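Only one structure is covered here, and it is reproduced in the block below.
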Amino acid sequence: MSTNEERRAKAKRKLQRHLERQAQQERRRRILTIVGSSVAVVVAIAAIAGGIYLANRDDHHKAAAATSTSASPAGGVAHLPPFTRSANVGADCQYPLAPEPASKPVDPPRAGKVSTDPPQTSANIVTDQGPIGLLLANNESPCTVNSFTSLAKQKFFDDTHCHRLTTSPKLGVLQCGDPKGDGTGGPGYQFANEYPTDQYKSDDPALRKPVLYPRGTLAMANTGADTNGSQFFLVYKDSQLPPGYTVFGTIRADGLATLDKVARAGVAGGGQDGAPVTGVTIKSVQVG
């Protein structure tokens with residue numbers, strides 16, 4: 001028969017395991033709502049607005065420059081704000097440690113002054129479902145591109161799975177970049193939001209209102225302002241989100257074809273948000 005001391009020790013171990021499981025679930029919940037936390041608000045606003053203004057991704061900046069950040073007269077959501085920053089001024093990039101350790105051994109990217117020249121850099125995500133060609137926006141989000149490039153060169157993304165597909169009426173994205181494959185992983189560091197967040201003042205109410213992330217957008221996932229890590233999402237259809245998700249590039253035609261194939265197969269279990277039926281494994285990411 002166990003003693004009182006043994007029973008207390010057993011109960012303490014059981015409680016500790018429960019707390020650890022609870023903490024893990026909470027971390028997973030936070031990251032799984034990277035985009036999903038905004039969906040309910042966005043969908044409700046979009047329903048009231050009565051539609052979405054569709055824009056071609058190739059000229060979305062031109063359209064944004066001619067459009068205010070308020071809702072369009074046609075009743076749709078706002079465009080991404082026009083990008084404004086002097087060319088080739090560089091950026092001061094910092095990558096402080098994140099609360100969670102790296103999910104895979106990796107060094108943080110080079111911190112300090114990062115050049116915005118050249119303004120764009122090509123990249124290619126090689127997957128088992130086909131290529132996903134990218135054009136990285138170094139002029140708009142240099143710190144993000146610097147991080148993505150560093151992770152790619154260190155093979156951080158190699159043999160990882162795109163763990164989340166969203167197919168709701170107002171949101172269509174494939175989320176990748178987590179070596180753990182469950183939405184909780186990261187590189188052990190984090191960094192600040194860039195475009196389009198940096199086009200607003202920090203107290204601007206517009207930061208909480210949806211804008212159009214057009215089909216073909218490449219953006220960072222996060223768990224709140226300035227918590228970017230390694231997870232990113234690929235927008236395969238026009239989507240509505242608050243401008244708190246850093247855009248750092250566009251997706252080429254081959255990439256959109258690959259994403260369309262994955263999206264058509266849907267979400268496992270028949271829902272609108274979860275693991276894709278057609279699994280996507282990143283074999284490598286080539287930059288430059």
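State the percent of C-alpha pairs, over all pairs in segment 101-205, separated by a distance greater than 23 angstrom.
Numbers: 2027 of 5460 pairs.
Here the tail beyond 23 Å accounts for 37 percent of pairs.
Calculated FRET efficiency, residue 128 and residue 107, Cβ-Cβ r, R0 41 Å, to nearest 0.05?
On the way: r = 27 Å, r/R0 = 0.66.
For R0 = 41 Å, the calculated efficiency reads 0.90.
Running Debye on segment 158-272 with equal point scatterers at the Cα sites and no solvent, what base-10 log of I(q)/I(0) appears at q = 0.17, 0.20 Å⁻¹?
Here log10 of I(q) over I(0) equals -0.86, -1.16.
Could you run the Karplus curve 6.51 cos²θ - 1.76 cosθ + 1.60 with θ = phi - 60° over segment 207-222 and give me ³J(HN,Hα) per residue in whole Hz, x for Gly and Pro?
Calculated HN-Hα couplings, in order: 5, 9, 9, x, 10, 8, 9, x, 3, x, 8, 10, 9, 8, 7, 7 Hz.
Would you pull out the residues with amide H under 5 Å of residue 248's amide H, same chain only if 5 or more places away, H placed 1.01 Å from N?
Close amide H contacts, sequence-distant or interchain: 218, 219, 220.
Points 7 angstrom from Cα along the Cβ direction at residue 117 and residue 11: gap in nanometres?
Output for this residue pair reads 7.0 nm.
Any chance you could look up the accessible area of residue 239 with a 1.4 Å probe, heavy atoms only, rounded to 10 Å²?
0 Å²
Amide H to amide H under 5 Å from residue 79: which residues, 5+ apart in sequence or cross-chain, H placed 1.01 Å off N in plane?
Distant-sequence amide H within range of residue 79: 212.
Output wanted: per-residue J couplings in Hz (rounded whole) for segment 264-278, from phi through Karplus 6.51 cos²θ - 1.76 cosθ + 1.60, θ = phi - 60°, x for Gly and Pro.
4, 6, x, 9, 4, x, x, x, 10, 7, x, 5, x, 4, 8
So, with a 1.4 angstrom probe, what is the percent of accessible area on segment 121-287 that is carbon and sulfur? Working shown, then result.
Values: 2640 of 5320 Å².
The C+S portion of the solvent-accessible surface of segment 121-287 is 50 percent.
Where does each of 170-177, 254-261, 113-120, 271-278 land if you order them by average Cβ count within 10 Å, highest first? Could you put the intermediate results ahead of the total?
On the way: 170-177: 23.4, 254-261: 18.8, 113-120: 14.0, 271-278: 17.0.
Result, highest mean Cβ count within 10 Å first: 170-177, 254-261, 271-278, 113-120.
Would you work out which of 145, 177, 200 lies farthest towards the positive end of the dipole of segment 122-201, given +1 charges on the beta-carbon of Lys and Arg and -1 on that of Asp and Glu, about the Cα centre?
Going by the Cα projections, it comes out as 200.
Provide the packing ranking of 181-191, 209-219, i.e. peptides ordered by the mean count of other C-beta atoms within 10 Å per residue, highest first.
Details: 181-191: 22.3, 209-219: 24.5.
Peptide ranking by packing, descending: 209-219, 181-191.
To the nearest 10 Å², what's residue 200's accessible area with a 1.4 Å probe?
Only protein atoms counted, so the area is about 30 Å².
Sequence neighbours fewer than 8 away in the same chain don't count; with that in mind, list the lysines whose C-alpha is under 30 Å from residue 170.
Hits, sequence-local ones excluded: 62, 180, 201, 209, 237, 261, 283.
From the phi angles alone, apply the Karplus equation (6.51, -1.76, 1.60; θ = phi - 60°) to segment 151-162 and give each ³J(HN,Hα) in whole Hz, x where the residue is Gly or Pro.
Result, rounded to whole Hz: 5, 5, 5, 8, 6, 5, 8, 4, 6, 9, 10, 6.
The values are calculated or read from the model by the stated rules, or taken from the named source; none is laboratory data. For clarity, every value in this text was computed on a predicted model and none was experimentally measured. Cβ atoms come from the backbone with ideal geometry, glycine included; neighbour counts cover every protein chain shown. Just the protein is used for accessible areas: all its heavy atoms, side chains included, with ligands, DNA and RNA removed. Shrake-Rupley method; radii C 1.70, N 1.55, O 1.52, S 1.80 Å.
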